[in-house]
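Could you have a look at this structure, given as structure tokens, before my questions?
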Amino acid sequence: MEIRRIDDYNDKRFRKDILLQHCAFLADERPCGFEIVAPDSAVVDAWDYGDEKMLSGLIEEFRFFAGHISRFYDRDGKLLREFPPVSVFRVEIEKIQPSQFYVDEEKLRAVASFIKSSEDIVIPLMPAEDERTFISLDGHTRLVLALERGYRFANGFLEDGGTVAIEFAKEARRRGITHVSDICKLSHEEYEVKWNRFCDGFLEG
């Protein structure tokens, strides 16, 4: 089974709010959406809840991007899957070291459509070497939006980003990006070129 995430905001197979939240997936080209309905819960809008392998694969893929979601329901409110709850804590945005240099302005507009308060910003973090700060593993667009709206705090949960995250953070610092406010906003086209080119070159060694 092939599962892939949809990055297009205009795919007619999905509701607009699911697309804007980047919660749309295809499993063997069949659409499945996730609707986040609580800080730890989501509704799975799948075509076949009885396909256990498909359902497990979709939820696993979704949790790669949203590890704080631990309870999954079907459209009728039946609990499908439950994982151990994830500890979420408040963190001062000033104490977060980015591991990314740019954000996509198109994605920033999409994120702005569903973030209502700082409580909606939940990102994976790992402790930084100085023990006073954290490295952001994902959610940089949400953090940039938070600063634009004047939020001082976000919510975080701990994950192990491994050596790759540490090296990305070191490269960010080398480029003068030591706070979220240093991240550059780029057009979608420029972001695709600059960020993808860096990631490809970095991972190729």
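The values are calculated or read from the model by the stated rules, or taken from the named source; none is laboratory data. Note that the structure is predicted; figures quoted are calculated from it, not measured. Virtual Cβ from ideal backbone geometry, glycine too; neighbours counted across all protein chains shown. What goes into the accessible areas is simple: the full protein's heavy atoms, side chains included, and nothing from ligands, DNA or RNA. Shrake-Rupley method; radii C 1.70, N 1.55, O 1.52, S 1.80 Å.
Yes/no matrix, rows are residues, columns are (1) farther than 26 Å from D40 by Cβ; (2) at pLDDT 95 or above; (3) open to solvent by 50 Å² or more (accessible area, probe 1.4 Å):
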| site | (1), (2), (3) |
| --- | --- |
| P98 | no, yes, no |
| Y102 | yes, yes, no |
| K116 | no, no, yes |
| K185 | yes, yes, yes |
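A quick yes/no check of all residues on (1) touching a strand residue (DSSP E or B) at 6+ places or on another chain (Cβ under 6 Å); (2) in a strand (DSSP E or B); (3) among the aliphatic types (A, V, I, L, M):
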residue	(1), (2), (3)
N10	no, no, no
L19	no, no, yes
C32	yes, yes, no
V37	yes, yes, yes
G50	no, no, no
M54	yes, no, yes
L58	yes, no, yes
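Can you pull out the residues in region 1-52 that are in contact (Cβ under 8 Å) with a residue 60 or more places away in the chain and hydroxyl-bearing (S, T, Y)?
Listed by number, the list holds a single entry, Y9.
Over 27 Å from F89 (Cα atoms) and open to solvent by 60 Å² or more (accessible area, probe 1.4 Å): which single residue out of R152, R174 fits that description?
Values: R152 fails: over 27 Å from F89 (Cα atoms).
After applying the criteria, what remains is R174.
Which residue, of F89, F83, is surrounded by 13 or more Cβ atoms within 10 Å (Cβ to Cβ) and among the aromatic types (F, W, Y)?
Of the residues listed, the single one that is surrounded by 13 or more Cβ atoms within 10 Å (Cβ to Cβ) and among the aromatic types (F, W, Y) is F83.
Taking I69 as meeting all but one of (1) in a loop (DSSP other than H, G, I, E, B); (2) touching a Ser or Thr at 6+ places or on another chain (Cβ under 7 Å); (3) open to solvent by 50 Å² or more (accessible area, probe 1.4 Å), write down the number of the exception.
(3)
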